[in-house]
Amino acid sequence: MILTDLFVDIAEFRSFAPYVESNVTFEELNSSALSAKKQIIIILSKAVYEEVCKREDDEIKAALKSAMANLTLAKQMVFDVIKRRKDDIDIYKHEQESMRRAYQENYFNAMDTLIQLLTETESEAWKKTKYCKMLETLCIRTADEFDTLYPIDQSYLFFFRTIPLQQEALDEGLRGYFERAKGKENTLNMLLRCLAKQTVSIALRRFDIIEFPPTIRSLFDDSTVSRSGKDEQQRMLDLASQLSNEVQISLADIDLILNSSSGGSVDTETSFNRPDDKIYLMA
C-alpha cells in the first residue's frame with residue numbers, strides 16, 4: 001500500500017485530512033494515493049520523496065503527510081460520489097466541488113510549506129532536482145524576488161511550478177532584452193517586472209484558478225458563477241491578455257531606452273517619423 005510509506009494507520013491519515021469516513025481503508029484509497037504520489041514526485045523528484053519518507057517525524061515530513069493525504073482525498077472524491085449514488089445517497093454538485101477544492105487547497109498549502117522548508121534547509125537531494133537546476137538559467141530565482149515584482153504571497157509552490165513558464169517567456173524573446181540591458185540597473189528592473197507579468201500571464205492560460213496564490217485568486221472571488229464556469233475562465237483569459245499587453249507596452253519603452261543609450265535608431269511600434277505620421281520630429 002502506497003500510504004503505509006508515510007502513515008502508521010488510517011487514524012494517523014485522518015489527522016492530516018478532514019472528514020475521512022471512519023470505515024475507509026488504505027486499500028480503497030490506494031489507486032488515488034498512487035496518482036497523488038506521482039503528482040507530488042513530479043515536483044519533488046522520487047529521490048526527495050523517498051528521503052522525506054525515511055525522516056523522523058518533523059515539520060518537513062508532516063508537510064508531506066498533509067500534502068499526500070489531502071491530494072489523495074481530492075482524487076478519491078469522484079469514486080466516493082459514485083459509491084454514494086449506488087447507495088441512493090444524494091450529494092449536491094456544489095457540495096462535491098467545495099469538498100474537492102478544500103482538499104486541493106490544503107494540498108497546495110502543505111506543498112508550499114514543504115518546498116519552503118526544503119529550500120531553507122538546503123537539502124542536497126532537493127538541490128539536484130530538475131526545477132532547482134533550472135533556476136541557474138533563470139532571471140528570477142527565488143519566490144521572494146518574484147513576490148516583489150508581482151504579488152504571489154511568497155508562494156514557493158507557485159514559484160516552482162512556474163519555473164518552466166518563466167523559461168518559456170525568456171526563450172520566446174525576453175532573454176535577448178536581458179542581454180542587451182546588462183549593466184543598466186533601472187532597465188533590468190523594468191525587464192524583471194515584465195518577466196514576472198508574462199510568467200503569470202502564461203500560468204493564467206494553463207492553470208486552474210485554485211492553483212494560484214490567494215492574492216491572485218481574490219481577483220475572481222466576486223464572481224457569482226462557479227469556479228469551473230466559462231465566465232471565470234474568460235476572466236482569467238482577460239487578465240492574461242491584460243498582463244501581456246502591459247508587457248508589450250513596457251518592452252516598447254525599453255526598446256526606446258536601449259536604442260537611445262546605444263546611439264542606434266529606434267525600431268518599435270512607438271518609433272517616431274513613420275511614413276504614416278503627419279508630424280515629424282526634426283533633429
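What follows draws every value from the coordinates through simple rules; no lab data is involved. The model shown is predicted, which means the values in this text are computed figures rather than measured ones. Neighbour counts run over all protein chains shown; Cβ positions are idealised from the backbone, glycine included.
List of remarks:
- Label reach from Asn186 (point 7 Å along Cα→C-beta): in segment 241-255, amide nitrogens under 13 Å belong to 254.
- Residue pairs, from the table Lys54/Lys75; Lys46/Lys75; Lys38/Lys75, whose Cα atoms sit over 22 Å apart: Lys54/Lys75
- Kirkwood Rh and Cα Rg combined as Rg/Rh, segment 103-245: 0.98
- Viscosity 1.306 mPa s, 10 °C: Kirkwood-radius Stokes-Einstein D of segment 1-127 over Cα pairs, µm²/s: 105 µm²/s
- Under the Karplus curve 6.51 cos²θ - 1.76 cosθ + 1.60, θ = phi - 60°, whole-Hz ³J(HN,Hα) for segment 138-147, x wherever Gly or Pro sits: 9, 9, 10, 10, 9, 5, 5, 5, 4, 5
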